[in-house]
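Since the structure comes first, as structure tokens, the remarks are kept for the end.
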Amino acid sequence: MNTRFRNTFLAVGLLFGAIVSPVFAQMALAAAEDHTDHVLSHPDLEIYEFEAADICDPEVNQVRMTVTGLTAEGILTVELYNDPEHFLSKKGRVRRVRVPAGDGEQTICMTTDALGRYAAAGYHDKDGNRKLKKNMIKVPREPFALSNNPKIKALKFPKFSDSAFDLVLGGTNITLELVDLKKQKKAEKAARKLERAANKE
């Protein structure tokens, strides 16, 4: 390698390093800053501080959701939506709360000054993997519920309008009744079988 080529090569390398290094440094700093918000709030479950529910207060504007049908395992996830066109998708979600699941029922509160029409969804993430198990056609395979507790069918999932409620001054209380759709389907099948047997008698 001749002297002129070597000097040119070194100059380009130094210039590239001067430009790129600050960029990577800024990216690393941003990543570190973002990571400061992701502080675990539970010793055994992957639940972060920013996912915590608000303190329930009957005098403030908040959605107070009582979730029934729980067992003390895994994570209870509750989500709030305000966009009919993007119901049950990230784009339409206002907020998501995750807490350790208790036994029986739990009340989760979300405070907001934006009054209006909302819908809520909740599911019991029994294995605590932060995901809702679904089958091939996207039907939940873990206990699931929507506000107003509409009937959930595999081929006709409820719309925003089926689950919508109004958040009013002083807040709104709703109930989410978790349903294990897999068990429900088996129970319905068994009931139909009994009905057919009874009709043959």
>> I'd like to check something: does region 90-106 contain any residue that is under 11 Å from the mean Cα position of the chain (by Cα) and part of a loop (DSSP other than H, G, I, E, B)?
In response: no
> What tally of residues in region 51-68 results from selecting those that are under 18 Å from LEU167 (Cβ atoms) and assigned to a strand (DSSP E or B)?
Replying inline: 7
>> Looking at region 69-89 only, could you name the residues that are of a type outside the set (Phe, Trp, Tyr) and in a loop (DSSP other than H, G, I, E, B)?
In response: THR71, ALA72, GLU73, GLY74, ASN82, ASP83, LEU88, SER89
> Assuming LEU169 fulfils every condition listed in (1) assigned to a loop (DSSP other than H, G, I, E, B); (2) in contact (Cβ under 8 Å) with a residue 60 or more places away in the chain; (3) touching a strand residue (DSSP E or B) at 6+ places or on another chain (Cβ under 7 Å) apart from one, which condition is it?
Replying inline: (3)
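Read-outs: derived from the displayed coordinates by stated rules, not from any lab. Predicted, not measured: the structure shown is a model, and the values here were computed from it. Here the Cβ is made from the backbone with ideal geometry for all residues, glycine too, and neighbour counts use every protein chain on show.
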